[in-house]
1. Rounded to the nearest 5, what % of the DSSP beta bridges within the stretch 23-114 are antiparallel ones?
2. What residue among GLU34, GLU47, GLU68 has the largest mean-square fluctuation in a Gaussian network model of the chain, using Cα springs under 10 Å?
3. When only the heavy atoms of the protein chains count and the probe is 1.4 Å, how do LYS126, LYS133 rank by accessible area, highest first?
4. Using only the alpha-carbon atoms, what does the chain span along each of its principal axes? Please give whole angstrom values in decreasing order.
5. Using a 1.4 angstrom probe, figure out how much accessible area the chain has per residue, in square angstrom, rounded to the nearest whole.
6. Divide by every residue of the chain the summed helix terms, -39500 (n - 2.57) for each DSSP H run of at least 4, and state the resulting mean residue ellipticity at 222 nm, rounded to the nearest 500 deg cm²/dmol.
7. Straight distance only, please: which lysines reach the Cα of LYS133 with their own Cα at less than 30 Å, same-chain residues fewer than 8 apart left out?
8. Farthest toward the dipole's positive end in the chain, which of ILE59, ILE128, SER91, given Cβ charges of +1 (Lys, Arg) and -1 (Asp, Glu) about the Cα centre?
Amino acid sequence: TGLFDIKLPGVNGDSIALSSLKGKVVLLDFTLYEDAKISSRNIKLREIYSKYRNRGFEIYQVSYDTREHFWQQSASNLPWTCVRDGEGAASPNVTLYNIQTVPTFYLINRENEIVLRDNQITDLEKEIEKLLK
């Protein structure tokens, strides 16, 4: 499945396009840092990211936090690409990516094609390994 490109501001204010990561295996992650469960989830993501980033793995994490300052503080210490969609639930990306709940994530191959959605994945690392080969 082709990719719906997303271009949103990162922590430093520069817009970063999802399509700019073509050539890498990408975990496209829609999240909400205001949710208390997300920090423990991000710890797990950090372990996965540390393990695979040198092999061409990247995380593009889209936050729907309403408080920009809170998001910036939360995202500034994360090693991957963090962007914020200030439109929240009204964002066209919510519809395009059929986001019912957050967190929701997709795996994207090196050709910028969506391969799997979170509900199709039982072992995330195994699926990342397959796409990195």
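The values are calculated or read from the model by the stated rules, or taken from the named source; none is laboratory data. None of these values were measured; they are calculated from a predicted model. When we count neighbours, we look across all protein chains shown, and the Cβ atoms used for this are built from the backbone with ideal geometry, even at glycine. With ligands, DNA and RNA removed, areas are computed over all heavy atoms of the protein, side chains included. Shrake-Rupley method; radii C 1.70, N 1.55, O 1.52, S 1.80 Å.
1. Close to 35 percent.
2. It is GLU47.
3. Working: LYS126 110, LYS133 180 Å².
My answer, sorted largest first, is LYS133, LYS126.
4. On the principal axes, the chain reaches 39, 28, 27 Å in Cα extent.
5. Details: 6990 Å² over 133 residues.
Result: 53 Å² per residue.
6. Working: 4 runs with 37 residues, N = 133.
About -8000 deg cm²/dmol.
7. Answer for LYS133, where 30 Å is the Cα cut-off: LYS7, LYS22, LYS24, LYS44, LYS51, listed by chain and number.
8. ILE128
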